[in-house]
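The structure under discussion appears below in the form of structure tokens.
The values are calculated or read from the model by the stated rules, or taken from the named source; none is laboratory data. From a predicted model like this one, the values you see are computed outputs, not experimental measurements. Methodologically, a virtual Cβ is constructed for each residue, glycine included, from the backbone with ideal geometry; neighbour enumeration extends over all protein chains shown. Side chains are part of the model used for accessible areas, which takes the heavy atoms of the whole protein and leaves out ligands, DNA and RNA. Shrake-Rupley method; radii C 1.70, N 1.55, O 1.52, S 1.80 Å.
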Amino acid sequence: MTWTVTFYSRRVEDDILALPAGLVARFLRYAERMEAFGPDLGMPHTRAMGGGLFELRVKAAEGIARVFYCTAVDRRIVFLHQFVKKTGKTPSRELLIARQRMKERRHD
């Protein structure tokens with residue numbers, strides 16, 4: 001049974017698609033795999049961040065990006081937030097945005 005990929009908002013979708021071309025291509029490939037095989041592609045592609053939040057780890061020649069997501073009823077994967085990674089540690093501000101959006105989505 002397949003999964004459905006959705007986005008928190010049109011802006012999140014636009015932000016992801018505005019990433020550099022190599023990162024977008026990698027994101028699209030992973031999103032297709034997630035639709036076919038589910039939200040857990042395993043390391044190094046996906047990682048649990050705790051509390052139902054996950055990150056898709058996207059790497060290409062242009063750099064590294066992270067796309068946070070959660071799962072919802074009816075086998076949906078909801079992409080919540082993205083950012084281009086510039087340091088070794090995920091900035092707490094980026095995590096805070098993703099967790100807030102996950103809470104909002106779960107109360108819809």
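Entry comment: accessible area of the chain is 59 Å² per residue, from protein heavy atoms only and a probe of 1.4 Å.
The distance from the alpha carbon centre of region 40-58 to that of region 72-108 is 11 Å, rounded to a whole number.
Applying 1/(1 + (r/R0)^6) with R0 = 30 Å to the Cβ-Cβ distance of GLU104 and ASP40 gives a FRET efficiency near 0.85. For the chain, the relative contact order is 27 percent, taking Cα pairs closer than 8 Å that sit 6 or more residues apart in sequence and dividing their mean separation by the residue count. Under 16 Å of direct C-alpha separation, and excluding same-chain neighbours fewer than eight residues apart, LYS85 reaches these aspartates and glutamates: ASP15, GLU55, GLU62, GLU94. A Cβ-based charge dipole, computed about the Cα centre of the chain with Lys and Arg at +1 and Asp and Glu at -1, lands at about 360 debye. Name the residue from ILE16, ALA31, MET43 whose Cα lies farthest towards the positive end of the charge dipole of the chain, charges +1 on Cβ of Lys and Arg and -1 on Cβ of Asp and Glu. Farthest towards the positive end: MET43.
Taking the Cα atoms of region 4-56, the ratio Rg/Rh between the radius of gyration and the Kirkwood radius comes to 0.96. Scalar couplings 3J(HN,Hα) for region 54-60, obtained by applying the Karplus form with A = 6.51, B = -1.76, C = 1.60 to θ = phi - 60°, are 10, 10, 9, 9, 10, 9, 8 Hz; x denotes Gly and Pro.
Over region 33-90, Cα pairs under 8 Å with separation of 6+ residues give a relative contact order of 22 percent. Among the protein heavy atoms, those of ARG106 account for about 120 Å² of accessible surface (1.4 Å probe, every chain in place). Every Cα-Cα pair in region 16-108 was counted, and those over 18 Å apart are 41% of them.
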